[in-house]
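See below for the structure under consideration.
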Amino acid sequence: MRCGPLCRFLWLWPYLSYVEAVPIRKVQDDTKTLIKTIVTRISDISHTQAVSSKQRVAGLDFIPGLHPVLSLSRMDQTLAIYQQILTSLHSRNVIQISNDLENLRDLLRLLASSKSCPLPRARGLESFESLGGVLEASLYSTEVVALSRLQTALQDMLGRLDLSPGC
Amino acid sequence: MTCQKFCVALLHWEFIYLTTALNLAYPITPWRFKLSCMPPNTTYDFLLPTGISKNTSNLNEHYEAVVKAKLNLSTTYFSNLSSKTTFYCCFWSKEDKNCSVHADNIDGKDFVSTVNSLVFQQIGANWNIQCWMKEDLKLFICYMESLFKNPFKTYDLKVHLLYVLPEVLEESPPVPQKSSFQIVQCNCSVHDSCECHVPVPTAKLNHTLLLYLKIKSGGINFQSPLMSVQPINVVKPDPPLDLHMEITDAGHLRISWSSPTLVPFQLQYQVKYSENSSINMRKADEIVSTTSLLIDSVLPGSSYEVQVRGKRLDGPGIWGDWSTPLIFTTQDVVYFPPKILTSVGSNVSFHCIYKSENKIVSSKKIVWWLNLAEKIPPRQYAVVGDRVSKVTFPHLNATKPRGKFTYDAVYCCNQQECHHRYAELYVIDVNINISCETDGYLTKMTCRWSANAIQSLMGSTLQLRYHRSSLYCSDVPSIHPMSEPKDCHLQRDGFYECIFQPIFLLSGYTMWIKINHSLGSLDSPPTCVVPDSVVKPLPPSSVKAEITVEIGLLKISWEKPVFPENNLKFQIRYGLNGKEVQWKMYEVYEAKSKSASVLVPDLCAVYAVQVRCRRLDGLGYWSNWSSPAYTVVMDIKVPTRGPEFWRIINEDTTKKERNVTLLWKPLMKNDSLCSVRKYVVKHHTSRNGTWSEDVGNHTKSTFLWTEQAHSVTVLAVNSIGASFVNFNLTLSWLMSKVNSVQSLSAYPLNSSCVLLSWTLLPSDYSLMYFVTEWKILNEDSEVKWLRIPPSVKKYYIHDHFIPIEKYQFSLYPVFMEGVGKPKIINSFPQDDIEKHQHDAGLYVIVPIIISSSILLLGTLLISHQRMKKLFWEDVPNPKNCSWAQGLNFQKRTDIL
């Protein structure tokens, strides 16, 4: 128990050192700008635009749904899963978005550290390995649905960042 | 029968041999061992007393003599044996000189007897054997060589190795069947040596390999006892590679080498070296576990010879072969390091030991020179012991190549004497600027750098290395130990270009150039770039330009590029379209702006417009200019004024009518804004009131002037409407009699300009303007006219005047009430011009003549006075003249 505060401090130290160097205002601005950039990137992928939002796609329950993400940790967790999915798609369209998500998660961690929130790095889906068959058989569906939901999730996050989300 | 018995006995022997194999197999040692064989019926009459094997050193010479003495007997003895005779053989070694011989007794039971190996040495056949595993862990090798003492004939030597490698890894594997043994033929040379190769799978390196040898030589069969070995325990490394010697900064000799590449475990090394110099001789042998060894106090003018071999560090193994000897010779002056490659601004030191006339020069007497041109100040020296001197170069500047020499030569000198050998100092400017640019899609970052600064360092290779931090750059970028190389390609402009794609927009990429050279490697100062901060956006799209109707401003509109999402500022450049556009700039700092309007002087010209953008916070680069957009010339407003016009009157005296032709000049664009669709002549007379006449695009209009006064106005009309400001002209019979111009003069200044000047009479009418007409006199040429403001008294008329022609100039005063009476003069014909020119000459010549006359008259007067004076000076003085003495010259001469 004595280790608690010390461990927490050590855990946050790398991020605290960043916060010291980078004004938190800049981090907030960059976070919002990066979210907008990813949203625009997704919009620029032509085949995601033609997909009907009314049609439900079954069998892709592992892609995070459209539930609101209220906290920074939930945001990080959600983005980790999207990053995991996009990375596994090996598509030229989404490699850059996957990198952007990596940066976005780092920014969220900086924001969290500025609020003294311990934000352990989210790992994504543990059962993801077993989904290899699904991905292989339905790459297009997965990409389209994942990008569509990611876009919506990012727009939701953009709004919530203005409301100073909790840990 | 004999044969059958023999075969049965042989089979029996082999059965016994195999059943006892596993327990009695000779364990192959990492060192050499011997195989000795003798016929089965040999009686050991000369068996040595027990215990002699434990102390054989004193007896070696004795037994050597015995063997030599019996050599001939033994040879005879063996030669009498049949080829089917199988010899009993045993293994022994220096460490264990007892041989265990397996044989069958008369009861058919096997027995094992221990015989001292000296017996075999004297009468048996003997071989040296060594077996090992090659370092690639794939091949097991047994090497055997015949001892010269062998008393049998060694021609026709054939050796086979039979082996079995059990599948299971057990300490006591089941007894293998004879048939399970595989056979390999060994390669034998003429020197009575053979090498047998057994392939060993990697997976079975820890298994027990069972093997024995069948040797046939001179018609006699020999068969060794069974041997066993775990191949992994007898691995023999190859000799070490890249044996190298160098002198360290501290003056030691460093021997270094690299481990054989294939060996899977750590090695220990044995280093054998010798030093040979006029001062010292020494030999040494050391075992180390590292791949280098330092030898103290290297001496100038010495020779060092080194060999190294390796052996497994932990666990059993065999010493490998010695490496090829390496000889390193030091000169009379030793520099360490002999060459230094460093970067600008760094500090380096050279050490030296100087030997002169077989004596080491005291370090206190050593001085240093640079390029044999300048003595290095003693404050840069330091003494490191009695023999070693050190010089330090602080804050180095880049080496300036002198011809083909791209280094500075550093000399260590014994006071006034410098040895011809020198150390080389290469100082390279490694300040390589790396500039990066992220594309407008935010997916690619291109970094460029030039290698011009280090071109002088021949043989160097350059590599961009980078380290990516998760977010942003640190304040002071540093070279990170974990870095990655990046492929860069040389471009035509001499720059290297490296592309990062995809990118991490907000990560910090710390980059530097690594310069690799045989003398060492250098790193350029690291620079850190965040791709997001070096974005060059795409240029704005959908750029349009127009001159706004009624407002009359140049309006530019555009669409911002999709990326970046940051706020942008915009820069507009515009100019009159032409071959070389003179651009004017306008900046828009409102991030959400999509258009801007600027004031332009000429509303009826084609403007070219381009727009570019950049992040509002100043980061990144300006985008390229957008494609140019052009304005279209169209009517902006109604014409600013109507055209200036004049009239020409053709008078018909009989009818008292005058045909009046109105003339006007086409309205220019800056007045018409921007085109004229038609002209309208507006008439007004007291009798007929006002009416208009549409004359289209014509520039003249004729009407009949019948009334006392007739006012006309010419309007210009474009697509917007008719001009509001127009010139009026009233033709009045009454006013045409009013004379207000007193005089008029015309002075031709040159063939293209005539100065017109006039004086006015007082008048009660309000003068609006003048109109002057001119034409060539006596010719039916076109009348030219010009409107002149009312306030001027002279006016320069620019036209192409023909000097030999006479012109008529008329000046019309135009009043509100009508056109007044003109003043008409004939212009300046050539004669008049000449007359004027002559007059001008007269004005010059007359004063000259007058002044010359005055001068001449003055001269005559002065001359007259002078002559008079001279004349009277020659008249004699009567007082001095004898004949004139007493004469009165005032008296009349006629008296005489």
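The values are calculated or read from the model by the stated rules, or taken from the named source; none is laboratory data. For clarity, every value in this text was computed on a predicted model and none was experimentally measured. Cβ atoms come from the backbone with ideal geometry, glycine included; neighbour counts cover every protein chain shown.
Specify which of the listed residues (B:Ser483, B:Ser389, B:Ser470) is within 14 Å of chain A (Cβ to nearest Cβ) and not acidic (Asp, Glu). Write out each step before concluding.
Details: B:Ser483 fails: within 14 Å of chain A (Cβ to nearest Cβ); B:Ser389 fails: within 14 Å of chain A (Cβ to nearest Cβ).
The conditions single out B:Ser470.
Would you mind finding the one in B:Leu505, B:Leu464 that is surrounded by 21 or more Cβ atoms within 10 Å (Cβ to Cβ), in contact (Cβ under 8 Å) with a residue 12 or more places away in the chain and within 14 Å of chain A (Cβ to nearest Cβ)? Outline the logic, then answer.
Working: B:Leu464 fails: within 14 Å of chain A (Cβ to nearest Cβ).
The unique qualifying residue is B:Leu505.
Regarding B:Val681, is this residue within 45 Å of the chain's Cα centre (by Cα), farther than 30 Å from B:Asp532 by Cα and either among the aliphatic types (A, V, I, L, M) or at pLDDT 95 or above (or both)?
Numbers: within 45 Å of the chain's Cα centre (by Cα): no; farther than 30 Å from B:Asp532 by Cα: yes; either among the aliphatic types (A, V, I, L, M) or at pLDDT 95 or above (or both): yes.
So B:Val681 fails the test.
Within segment B:512-539, how many residues are buried (at least 19 other Cβ atoms within 10 Å of the Cβ), more than 16 Å from B:Asn431 (Cβ to Cβ) and free of Cβ contacts under 8 Å to residues at least 60 places away in the same chain?
So the answer is 1.
So B:Leu755 ticks every box in (1) touching a residue at least 24 places away in the same chain (Cβ under 8 Å); (2) under 14 Å from B:Pro822 (Cβ atoms) but one. Which box is left unticked?
(2)
For segment B:438-457, state whether one or more residues are within 12 Å of the chain's Cα centre (by Cα), away from chain A (no Cβ under 14 Å) and surrounded by fewer than 16 Cβ atoms within 10 Å (Cβ to Cβ).
Residues of segment B:438-457 within 12 Å of the chain's Cα centre (by Cα): B:447-455.
From what's left, away from chain A (no Cβ under 14 Å): B:447-455.
If we keep only those that are surrounded by fewer than 16 Cβ atoms within 10 Å (Cβ to Cβ) as well, we get B:452, B:455.
Within segment B:438-457, one or more residues are within 12 Å of the chain's Cα centre (by Cα), away from chain A (no Cβ under 14 Å) and surrounded by fewer than 16 Cβ atoms within 10 Å (Cβ to Cβ).
Within the group B:Tyr354, B:Tyr411, which residue is assigned to a strand (DSSP E or B) and touching a residue at least 60 places away in the same chain (Cβ under 8 Å)?
Values: B:Tyr411 fails: touching a residue at least 60 places away in the same chain (Cβ under 8 Å).
On inspection, the qualifying residue turns out to be B:Tyr354.
Consider B:Lys514 carefully, then state whether it is charged (D, E, K, R) and away from chain A (no Cβ under 11 Å). Full working, then the answer.
Working: charged (D, E, K, R): yes; away from chain A (no Cβ under 11 Å): yes.
Yes.
For segment A:121-132, which residues satisfy the criterion of being more than 14 Å from the chain's Cα centre (by Cα) and either of a type outside the set (A, V, I, L, M, F, W, C) or at pLDDT 75 or above (or both)?
From segment A:121-132, those more than 14 Å from the chain's Cα centre (by Cα) are A:126-132; that's our starting set.
Correct list: A:Glu126, A:Ser127, A:Glu129, A:Ser130, A:Gly132.
Kindly indicate the residue of segment A:79-104 that is in contact with a Lys or Arg (Cβ under 8 Å, 6 or more places away or on another chain) and either among the charged types (D, E, K, R) or within 12 Å of another protein chain (Cβ to nearest Cβ) (or both) and also farthest from A:Tyr140 (Cα to Cα) among those meeting that condition.
A:Asp100
Out of the residues in segment B:302-351 meeting the condition of being of a type in the set (Val, Ile, Thr) and more than 30 Å from B:Leu457 (Cβ to Cβ), tell me which one is surrounded by the fewest Cβ atoms within 10 Å (Cβ to Cβ).
Initially, segment B:302-351 is screened for residues of a type in the set (Val, Ile, Thr), giving B:306, B:308, B:318, B:324, B:327, B:329-330, B:333-334, B:340, B:342, B:344, B:348.
Okay, now just the ones that are also more than 30 Å from B:Leu457 (Cβ to Cβ), so B:306, B:308, B:318, B:324, B:327.
Details: B:Val306: 23, B:Val308: 25, B:Ile318: 21, B:Thr324: 9, B:Ile327: 11.
Among those residues, the one meeting the criterion is B:Thr324.
Please determine whether any residue of segment A:119-139 is under 25 Å from A:Thr37 (Cβ atoms) and of a type in the set (Phe, Trp, Tyr).
no
Six or more apart or on different chains, Cβ under 9 Å: which pairs go from a residue in segment B:596-619 that's among the acidic types (Asp, Glu) to one that's part of a loop (DSSP other than H, G, I, E, B)? Could you list them?
If the second residue must be part of a loop (DSSP other than H, G, I, E, B), the pairs left are B:Asp617/B:Asn566; B:Asp617/B:Asn567.
Give the residue that is surrounded by the most Cβ atoms within 10 Å (Cβ to Cβ), with candidates limited to residues of segment A:27-43 that are within 8 Å of chain B (Cβ to nearest Cβ) and among the β-branched types (Val, Ile, Thr).
Among those residues, the one meeting the criterion is A:Thr37.
If a residue must be at pLDDT 85 or above and in a loop (DSSP other than H, G, I, E, B), how many such residues does segment B:225-241 contain?
5
Working carefully through the options A:Ser17, A:Ser46, find the one that is within 14 Å of another protein chain (Cβ to nearest Cβ), within 20 Å of A:Ser141 (Cβ to Cβ) and either modelled with pLDDT of 70 or more or surrounded by 11 or more Cβ atoms within 10 Å (Cβ to Cβ) (or both). Give the steps one after another, and end with the answer.
Details: A:Ser17 fails: within 20 Å of A:Ser141 (Cβ to Cβ).
Checking each option against the conditions leaves just A:Ser46.
Quick one: how many residues across segment B:757-785 are of a type outside the set (Phe, Trp, Tyr) and under 18 Å from B:Phe815 (Cβ atoms)?
So the count comes out to 12.
Inside segment B:603-620, can you point out the residues that are surrounded by fewer than 22 Cβ atoms within 10 Å (Cβ to Cβ), of a type outside the set (D, E, K, R) and either in contact with a helix residue (DSSP H, G or I) (Cβ under 9 Å, 6 or more places away or on another chain) or within 30 Å of B:Gly578 (Cα to Cα) (or both)?
B:Cys604, B:Ala605, B:Val606, B:Ala608, B:Leu619, B:Gly620
Of the conditions (1) farther than 30 Å from B:Val383 by Cβ; (2) of a type in the set (A, V, I, L, M); (3) modelled with pLDDT of 80 or more, B:Ile255 clears all except one; give me its number.
(1)
Tally time: how many residues in segment A:105-140 are within 14 Å of chain B (Cβ to nearest Cβ) and part of a helix (DSSP H, G or I)?
In the first step, residues of segment A:105-140 are kept if they are within 14 Å of chain B (Cβ to nearest Cβ); the result is A:105-114, A:119, A:121.
Going one step further and asking which of them are part of a helix (DSSP H, G or I), we end up with A:105-114.
Residues meeting the conditions: 10.
Condition first: exposed (fewer than 14 other Cβ atoms within 10 Å of the Cβ), outside any helix (DSSP H, G or I), more than 60 Å from the chain's Cα centre (by Cα) and among the charged types (D, E, K, R). Can you find one or more residues in segment B:763-775 that meet it?
Going residue by residue through segment B:763-775, those that are exposed (fewer than 14 other Cβ atoms within 10 Å of the Cβ) are B:764, B:766.
Okay, now just the ones that are also outside any helix (DSSP H, G or I), so B:764, B:766.
Cutting the leftovers down to more than 60 Å from the chain's Cα centre (by Cα) gives us B:764, B:766.
From what is left, the residues that are among the charged types (D, E, K, R) are B:764.
Scanning segment B:763-775 turns up at least one residue that is exposed (fewer than 14 other Cβ atoms within 10 Å of the Cβ), outside any helix (DSSP H, G or I), more than 60 Å from the chain's Cα centre (by Cα) and among the charged types (D, E, K, R).
Determine if segment B:464-478 includes at least one residue that is among the hydrophobic types (A, V, I, L, M, F, W, C), within 25 Å of B:Gly345 (Cβ to Cβ) and within 15 Å of the chain's Cα centre (by Cα).
Of all residues in segment B:464-478, those among the hydrophobic types (A, V, I, L, M, F, W, C) come to B:464, B:471, B:473, B:476.
Now narrow it down to the ones that are within 25 Å of B:Gly345 (Cβ to Cβ): B:464, B:473, B:476.
After this cut, where a residue has to be within 15 Å of the chain's Cα centre (by Cα) as well, the list is B:464.
The answer is yes; a qualifying residue exists.
List every residue pair whose Cβ atoms sit under 6 Å apart, with the two residues 6 or more apart in sequence or on different chains, where the first one lies in segment B:194-222 and is surrounded by fewer than 21 Cβ atoms within 10 Å (Cβ to Cβ) and the second, anywhere, is assigned to a loop (DSSP other than H, G, I, E, B) and of a type in the set (Gly, Ala, Ser).
These pairs meet every condition: B:Gly219/B:Ser83.
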